[in-house]
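The values are calculated or read from the model by the stated rules, or taken from the named source; none is laboratory data. What you see is a predicted model; the values in this text were computed from it and never measured. Every residue, glycine among them, receives a Cβ derived from its backbone with ideal geometry; neighbour counts consider all protein chains shown. What goes into the accessible areas is simple: the full protein's heavy atoms, side chains included, and nothing from ligands, DNA or RNA. Shrake-Rupley method; radii C 1.70, N 1.55, O 1.52, S 1.80 Å.
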Amino acid sequence: MTGQEMYDIADRIFPICRSITGQGVRDTLAILQEYDKDIEIHEFPTGMQAFDWNVPKEWNIEDAYIEDSNGNKIIDFKKNNLHVLGYSSPVDEYVNLDELLTHVYTEPGQPDAIPYVTSYYKERYGFCMTENQKNELIKNSKPEDKYHMVVKSSLTNGVLNYGELVIPGETDDEILFSTYTCHPSMANNECSGPALAMGLINYVRSLEKRRYTYRFLLIPESIGSISYMSKNLEHMQKHIKAIFVLSCVGDNNDYSIIHSRYGKTLADRVLTNVLKYHYPEYSDYSYLERGSDEKHYNAPGVDLPAVAFCRSKYGEFREYHTSEDNMDYISPEGFDGAFQVMTQVINALEHNYNYKIKTLCEPQLGKRGLFPDLSRKGMYNPLMTLRNLIAYADGTNDLIEISEIIGVPVSEIIPNVQKLMDNDLLEIV
Amino acid sequence: MTGQEMYDIADRIFPICRSITGQGVRDTLAILQEYDKDIEIHEFPTGMQAFDWNVPKEWNIEDAYIEDSNGNKIIDFKKNNLHVLGYSSPVDEYVNLDELLTHVYTEPGQPDAIPYVTSYYKERYGFCMTENQKNELIKNSKPEDKYHMVVKSSLTNGVLNYGELVIPGETDDEILFSTYTCHPSMANNECSGPALAMGLINYVRSLEKRRYTYRFLLIPESIGSISYMSKNLEHMQKHIKAIFVLSCVGDNNDYSIIHSRYGKTLADRVLTNVLKYHYPEYSDYSYLERGSDEKHYNAPGVDLPAVAFCRSKYGEFREYHTSEDNMDYISPEGFDGAFQVMTQVINALEHNYNYKIKTLCEPQLGKRGLFPDLSRKGMYNPLMTLRNLIAYADGTNDLIEISEIIGVPVSEIIPNVQKLMDNDLLEIV
Amino acid sequence: MTGQEMYDIADRIFPICRSITGQGVRDTLAILQEYDKDIEIHEFPTGMQAFDWNVPKEWNIEDAYIEDSNGNKIIDFKKNNLHVLGYSSPVDEYVNLDELLTHVYTEPGQPDAIPYVTSYYKERYGFCMTENQKNELIKNSKPEDKYHMVVKSSLTNGVLNYGELVIPGETDDEILFSTYTCHPSMANNECSGPALAMGLINYVRSLEKRRYTYRFLLIPESIGSISYMSKNLEHMQKHIKAIFVLSCVGDNNDYSIIHSRYGKTLADRVLTNVLKYHYPEYSDYSYLERGSDEKHYNAPGVDLPAVAFCRSKYGEFREYHTSEDNMDYISPEGFDGAFQVMTQVINALEHNYNYKIKTLCEPQLGKRGLFPDLSRKGMYNPLMTLRNLIAYADGTNDLIEISEIIGVPVSEIIPNVQKLMDNDLLEIV
């Protein structure tokens, strides 16, 4: 799938007002299903216990606005769904300025941006606006002014929805790609993840053979992944070999990895390896800087091997969690790059066996046409990847470890693995 | 106990002429007993075998001086007990200058200082004086001059004394503070250790609950600790979890740790952790620079977990082992600081359990009032210590290890441990 | 053996035209036998299987030259045996310039040097000359010129020879020195290895007692060592504790180590230790830069503990594999230095036990005259090697490890080991 195609998916789902529950999630998943009809949509009911948590009420919203004394809508949810506090309870009240301001949220450091604010677990209502809008509102306000605050929302017993797709492989060892579907109109920190996931689904389906089973989760952050784990933990602990949380993958800045709890899982190793050789300017964040679902997958007792993959890391770019994280902040090129990284990760994983050379001592490569038949000064160098692969294919190292030892990207080692396999010189341990 | 109170203790014991045996040790211990009557005074008899060593004869001294031909005391033990060679045998002889000088010790690099010199295991007599005194003596000497060398000392079968105090805790796991009582009038490299020990005894007694049993040893260096171990090794190896040798802890310079043999014991870990976060300018010495009783506690086969704690490390300050290490070299502020370090060490040890979070996935902190109920950009940061504690409270790390991983001092983690304990979210493994 | 004596041995074998098989190897071994009659000469027959390899036909050569149209020998094997392509098949043909040039090899970057080129496993013939000779040949050539290419060689069923010497020690643990005998007239990258081996044979014989059995192999590179291992692998894996491949050990540049596959064998540790303390400017090459028989000894499944030792590393000096690697490139001083390194390695190995101090706590050194009987400021330092040896002689460290921990060369620790042994204070674990 091209970067443009992924960008277009992001663009289609961008306008929807999503939250952790509600119609917005279902609308989003319905669009994604158009790209792969096998995506299944599941649900967890309100109140369901998930470890220490409970699935909250379902939130739906029809409209929200603030009218001034003249009946002008000075803030309008229909213009930008960030204007309403996420999970806002319904309200229909006339208040003076002071009272109004107790329900207003802005981001003073970015005076033109509407901030994204939510209140999932405590019922309240509120409005988000730019600092400039707030200042204008105050400036224009006369003492006698009344403001009409309206939120037409509902909090009812319902469900939390998520999408899931499993693409089977030769083994039931699983690679999980997890991304979220719970933020309203933000491009990088919401729409980019599902869009890249669709590209990767397409790519995984295109593989001639698959060693791993690939699972894709399109799920609300935190309560979604926690609920999912509470129902599937045993299976996950048994089968999952690596988890990649996809977040903020559509912009054009350098790549980021946020490591697992101890930084040593297969997920850490393979993504670090790919980034190190191909994108050496990448940013390496420890688990102390976690923030998306990797923090739940890695929790004590859960202990799943998860890292997060971003371009600009969530929380580290100015536009994050504001209306400035819009479709201009991401680009087809941004998706192309993230897609390249993740497909390299998949290829490295697919070939990541412990190999063992079948001969004692280096095999005679010359008689198999793998080595020059003339020996002269300096001529060994071009074959060093092949020969270093042989040297460390002692059964104790996987391919990623060999790549680390010999200083050569996995992608350059794989053709040499193939040559040796074709000559019956290498076996998988 | 305040720094001033500890300084005053040091000041009281400063004038006494101590050695590894004799009345000086007993007088010192008697003063210390005034501050805690439970300090017990024990003894080992002369000749007692202690591993490869034997307890030496008891040394007592009444007076020592050199008189010139006119009967003037040009060197007088009563003015400064460093003037006599430690463990000097008795003498009463008239000698010429050349003969006299064979019994004189000076420190040419510090011409105004009387050096501290001893001869424990070979019987000899001698006098220490400043380089300037020696030069004056030579300058004023006439060929016919006779000098009267007098040492009124005795070397007899007797005992080696030491003081010991045990403050019981909930378990019989022990923390040992060891300091020495065997040098004559030197302030930092003798009196500061016992004075700080008295402060720590007072502090340990004040704790509401004590997990550990605390043992304090006030004992002559080397032969004292070796003798003690020869009688108590099995108990020590079974119960002692950390030893802190206190030496040179009253001056005002930066702190020092001298590590254990391999640098990885609990004693190394906790003291390094406290110093690293609170006093980052501290000096870190390997076991190759050992010099006090940590060298015996760490000996092969003994293998006790001991570090030494100093402000200026013994041997590393100019005044060391001379008359310049006097009460002006130490200060109440110096004691205060050392006391702060050691009480932080005790607190870290008391809380140093392997903790395990009781929920699968991060607990829902919000419903317990431990987390803001509004989610907006950047707001997670103030809670990161709590959340990082949860993330690494997986039962495999003790609190010191968690402190190292998350980059936060133990003292800032403890209140978070308490919060989680109060909410029944954390257990001790 | 002096550097001059080793240089003289190299000088005697330099003129011989060696290859991996043939009379040149036998002539070389016969000369070496003059220096130690116990060197045994063995053979493997053509066609013998050795793991994935087979012993090639035996190559012998009588003469080779190119004559121009006037019958002048413009290239003459008798002037320099590098002029013939190694393992050249016989030829006797008249050809024009273009045809001739398809059989000519030069090293354009070194226009005055004849390169060393071989074709062991594919039958072809050819001539090596300097780039200048080739250009002269072309310049002087007229269209009608015919060149007479003559190689009087034979490729027949025969044998591959090697020399072997075993000097028994107290145990059947073995140290193997391996060097090669398969290059024609090159000084550093051929003659220096066997010459140094003769010096070391002489040295090992001179030792009063030998803990290790020492084996010396004088053997063709690659096919020689592979064949040897195919017949002796079980014995080698059981007994060999360290292998040193000697190559390029006669020049005057700094020393080099090429490490084993994982860089942690006894061979790595001892040679690194000696070089680090005594020749800190040495070059440290990883196994990725291997090139001589260490690559076969270290092969997966073989797993012998081998490093290579060079002064200038093979392949890293300009003269390598050309006629410029002649007797001027090496020197008696070069041999002397390499001999010093290797004899220090042998001494370190001979003393490399795990020692354990026999007393609990540090022994009382004073009563044995090992320690001053007067204690004063600063006087401990000169004895720190002795005392640090005691501190780490806990039975878990070998002598090399102690050297690494205490920062003192093995050669300075050995006399202290002796002192403690003499006083019955130390035992071998």
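What to note about this one:
- Of all positions in segment C:173-182, at least one carries a residue that is closer than 30 Å to C:ILE201 by Cα, modelled with pLDDT of 95 or more, assigned to a loop (DSSP other than H, G, I, E, B) and hydrophobic (A, V, I, L, M, F, W, C).
- Set B:THR21, B:THR28: member being touching a Leu at 6+ places or on another chain (Cβ under 7 Å), buried (at least 21 other Cβ atoms within 10 Å of the Cβ) and hydroxyl-bearing (Ser, Thr, Tyr): B:THR21
- Matching residues in segment A:328-342 - criterion: being touching a Gly at 6+ places or on another chain (Cβ under 9 Å) and of a type outside the set (Asp, Glu): A:TYR329, A:ILE330, A:SER331, A:PRO332, A:GLY334, A:PHE335, A:GLY337, A:ALA338, A:PHE339, A:MET342
- Residue selected from segment A:150-189 under the condition in contact with a strand residue (DSSP E or B) (Cβ under 8 Å, 6 or more places away or on another chain) and acidic (Asp, Glu), by the criterion most open to solvent (accessible area, probe 1.4 Å): A:ASP172
- Cross-chain or 6+ apart pairs with Cβ under 7 Å, segment B:251-268 first and within 14 Å of another protein chain (Cβ to nearest Cβ), then part of a strand (DSSP E or B) and open to solvent by 10 Å² or more (accessible area, probe 1.4 Å): B:ILE258/B:TYR285; B:HIS259/B:TYR285
- When each of B:ARG211, B:ARG215 is tested for being part of a loop (DSSP other than H, G, I, E, B), touching a residue at least 24 places away in the same chain (Cβ under 8 Å), at negative phi and assigned by TED's automatic domain parsing to the domain that holds B:PHE335, the lone residue that passes is B:ARG211.
- Only one entry of B:THR106, B:THR118, B:THR130 meets the criterion of being touching a strand residue (DSSP E or B) at 6+ places or on another chain (Cβ under 6 Å), assigned by TED's automatic domain parsing to the domain that holds B:PHE77 and touching a residue at least 24 places away in the same chain (Cβ under 8 Å), and that entry is B:THR118.
- Just one of the listed residues (B:ALA242, B:ALA267, B:ALA308) is within 23 Å of B:GLU164 (Cα to Cα) and out of contact with any helix residue (DSSP H, G or I) (no Cβ under 7 Å at 6 or more places or on another chain), namely B:ALA267.
- Within segment C:73-89, the set of residues being open to solvent by 10 Å² or more (accessible area, probe 1.4 Å) and in contact with a Leu (Cβ under 8 Å, 6 or more places away or on another chain) comprises C:ILE74, C:SER89.
- Considering segment C:117-149, the residues that are surrounded by fewer than 17 Cβ atoms within 10 Å (Cβ to Cβ) and not in a helix (DSSP H, G or I) include one that is nearest to the other protein chains (Cβ to nearest Cβ), namely C:LYS122.
- Hits in segment A:390-422 (condition: within 13 Å of A:GLU362 (Cβ to Cβ) and within 11 Å of chain C (Cβ to nearest Cβ)): A:ILE390, A:ALA391, A:TYR392, A:ALA393, A:ASP394
- Of all residues making up segment B:104-141, the number that are touching a Leu at 6+ places or on another chain (Cβ under 8 Å) and closer than 24 Å to C:LYS367 by Cβ: 10
- Test: residue in segment B:334-352 that is in contact with a His (Cβ under 9 Å, 6 or more places away or on another chain), surrounded by 18 or more Cβ atoms within 10 Å (Cβ to Cβ) and closer than 29 Å to B:ILE402 by Cβ: yes
- Residue match in segment C:299-311 (condition: out of contact with any Phe, Trp or Tyr (no Cβ under 8 Å at 6 or more places or on another chain), among the hydrophobic types (A, V, I, L, M, F, W, C) and either within 11 Å of chain A (Cβ to nearest Cβ) or open to solvent by less than 40 Å² (accessible area, probe 1.4 Å) (or both)): yes
- Of everything in segment C:243-292 that is hydrophobic (A, V, I, L, M, F, W, C) and open to solvent by 10 Å² or more (accessible area, probe 1.4 Å), the residue that is nearest to C:CYS182 (Cα to Cα) is C:LEU288.
- Hits in segment B:368-389 (condition: facing another protein chain (nearest Cβ under 7 Å), at pLDDT below 95 and either more than 24 Å from A:TYR314 (Cβ to Cβ) or not in a loop (DSSP other than H, G, I, E, B) (or both)): B:SER375
- Annotation: of all residues in segment B:353-367 being in contact (Cβ under 8 Å) with a residue 60 or more places away in the chain and either open to solvent by 20 Å² or more (accessible area, probe 1.4 Å) or among the polar types (S, T, N, Q) (or both), the one that is farthest from the other protein chains (Cβ to nearest Cβ) is B:TYR353.
- Counting only residues that are in contact with a strand residue (DSSP E or B) (Cβ under 6 Å, 6 or more places away or on another chain) and farther than 19 Å from A:SER225 by Cα, segment A:14-31 holds 0 of them.
- Count - residues of segment C:213-239 that are more than 17 Å from the chain's Cα centre (by Cα) and open to solvent by 10 Å² or more (accessible area, probe 1.4 Å): 10
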